[in-house]
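The values are calculated or read from the model by the stated rules, or taken from the named source; none is laboratory data. Model, not experiment: these values are computed from the prediction. Heads up, the Cβs are rebuilt from the backbone with ideal geometry, glycines too, and the neighbour counts pull from every protein chain shown.
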Amino acid sequence: MTTNLKERLDYQATFDCVQCGYCLPVCPTYVSFKSEKHSPRGRINLVKMAAEDKITLEDMASGIDLCLGCRACETICPTHVRYGDILSSAVEVLHEERPQSHVEKVIRTVAFDGVLKNKKALRLVNKGLYFYQRTGIEKAVAATKILKPFPKYQQFQKILPPVRLSHPIEEKHDEARPHQMKVGFFQGCMMDAFFSEVNTLAMQILRQHDVHVINVPQQTCCGALQHHAGETAHTIALAKENIEAYEQYDFDYIVNTIGGCGAALKEYHLLFDEGTTWRARAEQFVAKVRDISELMAQIDLQFTHEVAYRAVYQPSCHLENVQKVFEAPENVLKAVPGLMLVDMPSQQMCCGSAGIYNLVHYDASMQILDHKMKNVKQARPELIITSNPGCHLQMKLGVEREGLAHRVAVKHLVEVIAEACGIR
């Protein structure tokens, strides 16, 4: 190791933890695995001991690798421990120090450099999925059972949403109409590839309510997945691109439909040192970032249709624990005519999606999801409402695993509001 681990890991922040244990009952991995090293408190101790050379980095990794990064511990912590910063420093050190296999290097290069920040590549993914579904290949794959040797991933075939073709970004200026605000729309990478209709509906809702919406052509990936993988340099480069792109417009707000991406955008300022020009520019950017539910709560939504469901809301962890958006989504949903929003036990508990966690830690993710679905079944919903694409797919997977697909639907909050506004 080239430098002192106390400098590279967020060592000083570990002393803010007083070992009280308030975090234990809200930590999905601790609740599921009942192991101290899989709790926030335990992971903080692992980072501290690694920084003090009392354990190896592999010992530290044994707890860090299975962390979902949901940050529910931050919301409950009485001493306001910056767990997210501690976790990020540990992941970055592990990324730099652990040897990567050739396959992992290829996957990272293709995903981070070739797809996520490349709009043309994302549109190719979108078109490929559209072709896969519309030509009957999807049904043929299911019928031939070609995925049978891969039972862990066979279920993901069932939860692919009906993909619609996304279109190149257009700014769409409509200055002639009176507007109550001017917003820049952030569409996200996977949201645009898998759920482009949600973004389209979100912009239609805002425009129908006299909000001037501009879809910024120069926008790129938010950098969340790169940051979670320890690739901070990648994240900083993407943050600079987005800040520069949105600085060109005089927006009141920058709005998105993705809990995870929104959290990354709202923490851009933390990527830069205090007192620097980029820190100041990032702070101005962050001050304008809003989740779509925050804007919906601010405008006078005109509902024209009933949406008659018994529903539960599954909040995005990063929407609540990082963005601190707790009330807006539920307040908007409670106003929808005909919608019966019911409480779900442990509603705030993570569903186990966590970016690509459900792909790289499938068994752990399914254990957490099964725990979540027990709570869903207690609420007896006809509809599960989500606010993040990863959560959406994970909850659909939970519905499939429990054999509830015939009577429980999964929709994004935007889809529910669009239906109530008569847009779909």
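Could you grab me the full set of residues in segment 398-424 that are assigned to a helix (DSSP H, G or I) and at pLDDT 95 or above?
Scanning segment 398-424 gives 398, 399, 413, 414, 415, 416, 417, 418, 419, 420.
Looking at the structure I just gave you, is residue 83 within 21 Å of residue 348 (Cβ to Cβ), surrounded by fewer than 17 Cβ atoms within 10 Å (Cβ to Cβ) and either in contact with a Leu (Cβ under 9 Å, 6 or more places away or on another chain) or not assigned by the TED database to the domain that holds residue 356 (or both)?
Judged against the criteria, residue 83 is not a match.
Take the residues in segment 309-351 that are of a type in the set (Gly, Ala, Ser) and out of contact with any Phe, Trp or Tyr (no Cβ under 8 Å at 6 or more places or on another chain), then tell me which one is farthest from residue 80 (Cα to Cα).
Here the answer is 311.
Just name the residue that is nearest to residue 207 (Cα to Cα) out of those in segment 219-253 that are in contact with a strand residue (DSSP E or B) (Cβ under 9 Å, 6 or more places away or on another chain) and not in a loop (DSSP other than H, G, I, E, B).
253
Would you confirm whether or not segment 374-394 contains a residue that is within 23 Å of residue 257 (Cα to Cα), in contact with a strand residue (DSSP E or B) (Cβ under 6 Å, 6 or more places away or on another chain), assigned to a helix (DSSP H, G or I) and in the same structural domain as residue 345 (by the TED database)?
Yes, some residue in segment 374-394 is within 23 Å of residue 257 (Cα to Cα), in contact with a strand residue (DSSP E or B) (Cβ under 6 Å, 6 or more places away or on another chain), assigned to a helix (DSSP H, G or I) and in the same structural domain as residue 345 (by the TED database).
So residue 91 clears everything in (1) crowded, with 22+ Cβ neighbours inside 10 Å; (2) of a type in the set (Val, Ile, Thr); (3) under 23 Å from residue 266 (Cα atoms) except one condition, right? Which one?
The failed condition is (1).
Report yes if some residue within segment 254-261 is touching a strand residue (DSSP E or B) at 6+ places or on another chain (Cβ under 6 Å) and either without any contact (Cβ under 8 Å) to a residue 40 or more places away in the chain or in a loop (DSSP other than H, G, I, E, B) (or both); otherwise report no.
So far as segment 254-261 goes, no, none of its residues is touching a strand residue (DSSP E or B) at 6+ places or on another chain (Cβ under 6 Å) and either without any contact (Cβ under 8 Å) to a residue 40 or more places away in the chain or in a loop (DSSP other than H, G, I, E, B) (or both).
Tell me, please, whether a residue that is surrounded by 20 or more Cβ atoms within 10 Å (Cβ to Cβ) and either of a type in the set (Phe, Trp, Tyr) or at pLDDT below 95 (or both) can be found in segment 241-249.
Yes: segment 241-249 contains one or more residues that are surrounded by 20 or more Cβ atoms within 10 Å (Cβ to Cβ) and either of a type in the set (Phe, Trp, Tyr) or at pLDDT below 95 (or both).
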